[in-house]
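Working notes, structure below.
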Amino acid sequence: MQIHHTIASLRAALAGAGRIVFVPTMGNLHAGHIGLMTEARAHGDCVVASIFVNRLQFGPHEDFDKYPRTFVEDCAKLEAAGVDHLFAPDEVEMYPTPQTYHIDPAGAHVGMLEGAARPGHFRGVATVVLKLFNIVRPQVAVFGKKDYQQLMVIQNMVREFALPIDIVRGETARAEDGLALSSRNGYLSAAERAEAPRMYRLLERIRAAVHAGERDYAKLEAAAVTELTAHGWQPDYVSIRRRCDLQPPLAEEPGALVVLGAARLGHTRLIDNLEI
């Protein structure tokens with residue numbers, strides 16, 4: 001695996017590389033990230049990963065400086081996964097001057113769910129992803145379904161700007177008990193880790209109910225929030241939405257749906273989702 005810290009070095013190495021598949025990350029990699037790298041290999045000739053902790057997507061009360069940085073370990077994992085090139089720029093390389101031009105996703109797409117909890121987050125995500133797309137120039141990019149709202153924002157940005165990039169949706173990697181893999185799981189105490197799969201079980205229950213014909217979505221959502229609260233969680237939301245734009249579905253014409261949840265367990269905020 002070749003490691004590149006500058007745009008010029010990466011672009012020179014990718015000249016004539018064939019069909020490029022790109023997987024952007026912020027590092028601190030776990031098995032879910034590596035699954036995306038494996039998925040990427042099936043879609044092209046050359047797999048490129050990036051590691052860049054993007055200041056633009058952190059809010060004023062989110063500690064950018066404390067974000068886990070495990071570069072040496074990450075490199076070993078990426079190399080073992082067969083990644084061909086790693087782009088690992090510093091902030092000066094990515095933002096040599098202050099970033100005064102930004103991508104502002106549609107307010108209807110980011111003013112709820114994760115966007116409500118983290119104002120401005122998806123503006124920073126969309127801006128850095130577009131910049132990385134312009135640097136790497138991939139034909140394919142792989143994003144995990146675990147960050148479902150992020151995936152929706154990126155898909156819609158690619159479509160509306162007619163970017164020549166196919167977005168591959170990677171499945172959420174899970175532990176044996178169903179808990180979605182996340183760097184945040186390491187912050188859970190032993191008792192919290194044992195409790196954490198409850199959210200996944202609730203989402204499964206909601207999916208089964210909808211498949212069985214239940215259309216009182218508000219009732220399903222409220223019951224899930226009540227159960228989480230009763231077991232010591234602090235829920236932000238459990239919500240059934242349309243997959244395409246994460247707007248509330250019409251009961252008479254629901255289309256393809258997804259149920260999403262976010263809640264704090266102790267000091268750790270966990271998110272998950274299941275397509276219905």
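Laid out as a table, the results:
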quantity	calculated
Filtered residues of region 224-256 (kept if part of a strand (DSSP E or B), at pLDDT below 95 and either among the acidic types (Asp, Glu) or open to solvent by less than 30 Å² (accessible area, probe 1.4 Å) (or both))	253
Residue under evaluation residue 9, criteria (1) in a loop (DSSP other than H, G, I, E, B); (2) surrounded by fewer than 17 Cβ atoms within 10 Å (Cβ to Cβ), criterion not met	(1)
Residues within region 30-57 that are outside any helix (DSSP H, G or I) and in contact with a strand residue (DSSP E or B) (Cβ under 8 Å, 6 or more places away or on another chain), tallied	10
Filtered residue count, region 81-114, keeping only those that are open to solvent by 60 Å² or more (accessible area, probe 1.4 Å) and either more than 20 Å from the chain's Cα centre (by Cα) or among the polar types (S, T, N, Q) (or both)	8
Filter result for the condition that a residue is of a type in the set (A, V, I, L, M, F, W, C) and in contact with a Phe, Trp or Tyr (Cβ under 7 Å, 6 or more places away or on another chain), over 110, 92	110
Filter result (without any contact (Cβ under 8 Å) to a residue 40 or more places away in the chain and small (Gly, Ala, Ser)) within region 191-223	191, 194, 208, 209, 212, 213, 218, 222, 223
Single residue of region 58-80 satisfying the filter (modelled with pLDDT under 95 and not in a loop (DSSP other than H, G, I, E, B)) that is most open to solvent (accessible area, probe 1.4 Å)	66
Verdict on residue 120 being free of Cβ contacts under 8 Å to residues at least 24 places away in the same chain, under 19 Å from the mean Cα position of the chain (by Cα) and closer than 22 Å to residue 144 by Cα	no
Any hit, region 38-53, residues being open to solvent by less than 30 Å² (accessible area, probe 1.4 Å) and more than 24 Å from residue 164 (Cα to Cα)	yes
Which listed residue is at negative phi and out of contact with any Asp or Glu (no Cβ under 8 Å at 6 or more places or on another chain), from 35, 16, 82, 107	107
Whichever residue in region 168-195 is touching a strand residue (DSSP E or B) at 6+ places or on another chain (Cβ under 6 Å) and assigned to a strand (DSSP E or B) and, among such residues, is surrounded by the fewest Cβ atoms within 10 Å (Cβ to Cβ)	174
Flag for residue 144 being surrounded by 13 or more Cβ atoms within 10 Å (Cβ to Cβ) and at positive phi	no
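Rundown of residues vs (1) within 19 Å of residue 111 (Cα to Cα); (2) in contact with a helix residue (DSSP H, G or I) (Cβ under 8 Å, 6 or more places away or on another chain), yes/no style:
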{"residue": "202", "(1), (2)": "no, yes"}
{"residue": "206", "(1), (2)": "no, yes"}
{"residue": "216", "(1), (2)": "no, no"}
{"residue": "228", "(1), (2)": "no, yes"}
{"residue": "232", "(1), (2)": "no, yes"}
{"residue": "242", "(1), (2)": "yes, no"}
{"residue": "245", "(1), (2)": "yes, yes"}
{"residue": "261", "(1), (2)": "yes, yes"}
{"residue": "264", "(1), (2)": "no, no"}
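Yes/no per residue for (1) modelled with pLDDT of 95 or more; (2) open to solvent by 40 Å² or more (accessible area, probe 1.4 Å):
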| site | (1), (2) |
| --- | --- |
| 201 | yes, yes |
| 204 | yes, yes |
| 207 | yes, yes |
| 213 | no, yes |
| 259 | yes, no |
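The values are calculated or read from the model by the stated rules, or taken from the named source; none is laboratory data. Predicted model, so just to flag it, every value in this text is computed and none were measured. Note that we place each Cβ from the backbone using ideal geometry, even for glycine, and neighbour counts take in every protein chain shown. With ligands, DNA and RNA removed, areas are computed over all heavy atoms of the protein, side chains included. Shrake-Rupley method; radii C 1.70, N 1.55, O 1.52, S 1.80 Å.
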